[in-house]
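Asker: Quick one: the structure is below, and I'll ask about it shortly.
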Amino acid sequence: MNKIERVRAALAGTPMDRPPFTIWYHFGNQHAPAERAAQVHLELFEHYDLDLLKVMNDYDYPMPQGMEVMATPADLGRLAPFDPLETPLGTQLRAIEQIARALAGKALFVDTLFNAWNTLRRNLVKEAMPALMSEHPKALAAALRVVNDNLIRYARATLERGASGIFFSVPAAAESLTREQFERFMRPLDLELLEAVRGLGECHILHAHGEALYLDRLLDYPVHALSWSDLHGGPTIAEARTRTALTLMAGVDHVGFPYVSAGVIREQVRRARAEAGPTGFIVAPGCAVPTYSFPPLITAARDAARG
């Protein structure tokens, strides 16, 4: 099988010669032009001979001019619709175009997208998010609607430029927000975005980010694969296999990755493959591995996925 055939077989749950392998980390090039972002991703892909490339998306969602944090309803009211090409996200889209040209006919790749709640928290409201959820829920809901609409425009744009799908990061876990807050501020907009791109990509991946996951409320998301940290918070791969027909994407401990030997990593992959079975599985870390992870460790994970 070639890389595209292998990933498509994994997504379809049909026989494959071996599970696909992928890995990713933050490059720290959010200051750099699109050409450099594309180059480092393609270098990672080629050096480790990945089957599927996850493109990091570290360019910022723009803060309204003159502000450094949004902490009040009046602040949130300044959010407005935008054309992604006219924001820092436009740099990411130009990188996507270059990656698509380089990988055409060679491999599938996905672009990373953080959901509206996480985009608002990590880019704009920062530490103000808990107070906004509890004290100004209506203003927050309206702001999230604006952000989600902008993200839908971005998601469609990246798929139009050649991304095979979106890697949709959703921090639906107790350490981020309560179950009630998840139901109010996160799940409805997540589903709206995924419905807006349904049929536009062949490899949409839900990344359930966190440890105390509300997984029961994520398994009906319209995606092709589920990514999560099976070694930090669970469920195990074997348990996940009983709970969903989605292709599973897990197996490597991203937290301890740089601190263990290659033998430990190979054993993680062997265990994951045994739990997952012969179909519907992609070997991957539970989240981004540390940037300083040394190449022999990544090579060990890749070789164990092939062995």
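The values are calculated or read from the model by the stated rules, or taken from the named source; none is laboratory data. Everything quoted here is computed from the prediction, not taken from an experiment. Every residue, glycine among them, receives a Cβ derived from its backbone with ideal geometry; neighbour counts consider all protein chains shown.
Asker: Cβ-Cβ under 9 Å, sequence separation 6+ or interchain: first residue in segment 228-246 and free of Cβ contacts under 8 Å to residues at least 24 places away in the same chain, partner basic (Lys, Arg) and part of a helix (DSSP H, G or I). Which pairs?
Answerer: PRO235/ARG243
Per-residue answers, yes or no, for (1) surrounded by fewer than 21 Cβ atoms within 10 Å (Cβ to Cβ); (2) at positive phi; (3) under 17 Å from the mean Cα position of the chain (by Cα):
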{"position": "GLU211", "(1), (2), (3)": "yes, no, yes"}
{"position": "LEU215", "(1), (2), (3)": "yes, no, yes"}
{"position": "PRO222", "(1), (2), (3)": "yes, no, yes"}
{"position": "SER229", "(1), (2), (3)": "no, no, yes"}
{"position": "GLY234", "(1), (2), (3)": "yes, yes, no"}
{"position": "GLU239", "(1), (2), (3)": "yes, no, no"}
{"position": "THR244", "(1), (2), (3)": "yes, no, no"}
{"position": "PHE294", "(1), (2), (3)": "yes, no, no"}
{"position": "ALA301", "(1), (2), (3)": "no, no, no"}
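Asker: Can you report the number of residues in segment 143-181 which are assigned to a helix (DSSP H, G or I), in contact with a helix residue (DSSP H, G or I) (Cβ under 7 Å, 6 or more places away or on another chain) and either β-branched (Val, Ile, Thr) or over 18 Å from GLU195 (Cβ atoms) (or both)?
Answerer: 5
Asker: How about segment 96-113: which of its residues are within 22 Å of PRO33 (Cα to Cα) and in contact with a Lys or Arg (Cβ under 8 Å, 6 or more places away or on another chain)?
Answerer: ILE96, GLU97, ALA100, PHE109, VAL110, THR112
Asker: Please give the helices (runs of 4 or more DSSP H) falling wholly within segment 15-121 in which 1 or more residues are crowded, with 19+ Cβ neighbours inside 10 Å and in contact with a Gly (Cβ under 7 Å, 6 or more places away or on another chain).
Answerer: 89-103
Asker: Grab the helices (runs of 4 or more DSSP H) fully contained in segment 195-307, keeping just those with 1 or more residues being touching a His at 6+ places or on another chain (Cβ under 9 Å).
Answerer: In segment 195-307, the matching helices (runs of 4 or more DSSP H) lie at 295-306.
Asker: Taking only pairs six or more apart or across chains, which ones have beta-carbon atoms under 7 Å, a first residue in segment 258-272 that is polar (S, T, N, Q), and a second residue that is modelled with pLDDT of 95 or more and crowded, with 16+ Cβ neighbours inside 10 Å?
Answerer: GLN268/GLY251; GLN268/VAL252; GLN268/ASP253
Asker: Could you list, in sequence order, all residues of segment 139-181 that are over 25 Å from LEU93 (Cα atoms), surrounded by 22 or more Cβ atoms within 10 Å (Cβ to Cβ) and not small (Gly, Ala, Ser)?
Answerer: Answer for segment 139-181, where residues must be over 25 Å from LEU93 (Cα atoms), surrounded by 22 or more Cβ atoms within 10 Å (Cβ to Cβ) and not small (Gly, Ala, Ser): LEU140, LEU177.
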